[in-house]
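Below is one structure; the comments refer to it alone.
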Amino acid sequence: MKNDGHMHGMAMGPPSPPSLSSITMNNATGGGSGMMMKNNHHMMMHMTFFWGKNTEILFSGWPGYDNLGMYILALVVVFFMAIFVEFLSHSNYINKSNVDDDVTCGFLQTILYGLRIGLAYVVMLAVMSFNGGVFLVAIVGHSLGFMVFGSRVFKKSSSGKNLDLPPMSCSC
C-alpha cells in the first residue's frame, strides 16, 4: 500500500446538509443548530428583534406556535409583571408605625428587594425572546407603572418620603 498522503478508496466529499427532520434544538446540552421542530412546525430562535406571534417567551412551548390568544396572554403577563416591578420599586408601606423592630423591618425589605429583582430579571428574560411585542409591552408596563407609582402625577406631595427599597440603578 502506497501512502502518499491520500486515502485511496475512501471518497470524502463535503458533508451533506442535515435534513429538516433532523434539525432539532437540544435544550439539555445547549447544542443544536438554532432550529426547533414541533409538530412539523419550524420555529426559529431569533437573535435579532422580530415581529410576530410565533415565539417562545420564558418557557419552552409558551405561548406556542400559531396561537394568538396565548400570545396576547403572554403580553398581558409581561405587562403586569413590569407594572408590579415599578410598584415594588416605589412602595412605602414598611415604616415604624407598621413594624416596631428594625430586624423585622430589614427582613421585610430584603424579601421585597429579592421579589423586585427576581421579577425584573423575569421581565428581562422575556424581552430576551427578541419579540417586538414583548419588548414594547415591557417598556409600556414599566413606564405606566412609573407614572402611577413613581411620578408626581398621582402623588399629593413627596415631602421627605423614604421608599421601602432603594431605586433600581445601573452600575455601568
Could you say whether any residue in the stretch 135-146 is over 30 Å from F50 (Cα atoms) and either of a type in the set (G, A, S) or in a helix (DSSP H, G or I) (or both)? no
Would you check which residues across the stretch 52-69 are farther than 17 Å from F79 by Cβ and either touching a residue at least 24 places away in the same chain (Cβ under 8 Å) or acidic (D, E) (or both) and list them? G52, E56, S60, Y65, D66
Pull out all pairs, ordered by first then second residue, where Cβ-Cβ is under 6 Å, the residues are six or more apart or on different chains, the first lies in the stretch 83-108 and is free of Cβ contacts under 8 Å to residues at least 60 places away in the same chain and aliphatic (A, V, I, L, M), and the second is assigned to a loop (DSSP other than H, G, I, E, B) and open to solvent by 70 Å² or more (accessible area, probe 1.4 Å). none
Report whether or not M124 is open to solvent by 70 Å² or more (accessible area, probe 1.4 Å) and either out of contact with any helix residue (DSSP H, G or I) (no Cβ under 8 Å at 6 or more places or on another chain) or small (G, A, S) (or both). yes
Output for the stretch 127-137, where each listed residue is of a type in the set (G, A, S) and in contact with a helix residue (DSSP H, G or I) (Cβ under 9 Å, 6 or more places away or on another chain): S129, G133
Residue tally, condition assigned to a helix (DSSP H, G or I) and exposed (fewer than 12 other Cβ atoms within 10 Å of the Cβ), over the stretch 94-105: 2
If you go through the stretch 66-93, how many residues are modelled with pLDDT under 85 and buried (at least 18 other Cβ atoms within 10 Å of the Cβ)? 0
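The values are calculated or read from the model by the stated rules, or taken from the named source; none is laboratory data. Here the structure is a predicted model, which is why all the values come from computation and not from measurement. A quick note on method: Cβ atoms are made from the backbone with ideal geometry, for glycine too, and the neighbour counts reach across all protein chains shown. Surface areas here come from the heavy atoms of the whole protein model, side chains and all, with no ligands, DNA or RNA. Shrake-Rupley method; radii C 1.70, N 1.55, O 1.52, S 1.80 Å.
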